[in-house]
Amino acid sequence: MLVSYSPRYYADIGDGHVFPIRKFKLVRDCLLREGTLSPENLVEPQPAAVEDLLLAHTQDYVTRLRAGALTPREVRRLGLPWSKALVRRSLLATAGTINAARWALRDGVGSNLAGGTHHAFPDHGEGFCVFNDVAVAVRVLRRDGNAKRAAIVDLDVHQGNGTAAIFEGDPEVFTFSMHGAKNYPLFKQHSTLDVELADGTRDEEYLLRLAEHLPRVFELEPDIVFYLGGADPFEGDKLGRLALSIEGLRARDEFVLRACRAGGVPVATVMSGGYAADTNDTVEIHCNTIRAAREIFDGVRAPAPHTRSAAS
């Protein structure tokens, strides 16, 4: 199993920012320390090519973003301060997802220790999302003849509004978003399948809803699944409003990944959001996705999920 990671996934966005941008390194360090990954599993991407970005984004947006020419309103909407390092990390993370998708098609599974920036639209970024890495990767695979049909399983707590808008009306891309009904974004887009959850939804109901709806994804007979295993449905997440435990989120990951394995569908995993009051919880949840992938696809026994909760 190959995994995309770069130390340049980091950019200085200010110490008080709600987005825990150091989580990418912390997840990498934890997985290496415990032996779930070895250095040989990690591959550093090169920045995504502009021609790849333009498969999902407008020339105007890409040009002005790279040049630091966004308006103050656009920067506020993005929610991150512009810098050359932010542009660099966004290009690297997008390339990391493209690479993960290519590895998935070859090996059955591939991962990016970043990505899942599903709020980015063709002509703007928002919600801490600069480029829509999964949308770019889908279009790259289709352009290059590597895949025709793709499914996106988005289990971040926030609807993947940018992804839904990019692929609305595309019969060969199935977008499935299971998210908080009353959470950001205020105005939802139309995914192929949207499943809205009430505030306070817990493990049992969440997993029942997932089991009920996930089979529809495979009716498309996708050539690849992109899995956004967001950490923000966690009960201790500052922006989540749901109430899943770490154990419940690990069960979620295993359910999705086992369904892909059983159906013979390659899967690329990306991290998406996570804003726990204790960043260690966010890191643990993201690590569990990689642990589950290693165990299910490579037979590597991963550590048992921790039992810490929001109150611990």
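The criterion of at least 2 residues that are modelled with pLDDT of 95 or more and under 18 Å from the mean Cα position of the chain (by Cα) is met, among helices (runs of 4 or more DSSP H) falling completely within segment 197-286, by 246-263.
Taking (1) surrounded by 18 or more Cβ atoms within 10 Å (Cβ to Cβ); (2) among the charged types (D, E, K, R); (3) within 26 Å of E295 (Cα to Cα) in turn, E247 satisfies each apart from (1). From the list L70, L91, L53, L86, the lone residue that is without any contact (Cβ under 8 Å) to a residue 40 or more places away in the chain and crowded, with 17+ Cβ neighbours inside 10 Å is L70.
Across segment 15-43, what is the total count of residues that are small (G, A, S) and modelled with pLDDT under 95?
1
Considering only residues that are among the aromatic types (F, W, Y) and within 20 Å of H179 (Cα to Cα), look in segment 117-161 and name the one that is surrounded by the fewest Cβ atoms within 10 Å (Cβ to Cβ). Restricting to residues being among the aromatic types (F, W, Y) and within 20 Å of H179 (Cα to Cα), the top hit is F128.
The values are calculated or read from the model by the stated rules, or taken from the named source; none is laboratory data. This structure is a prediction, so every number in the text was calculated from the model and none was measured. Ideal geometry is used to build each Cβ from the backbone, glycine not excepted, and the neighbour counts take in all protein chains shown.
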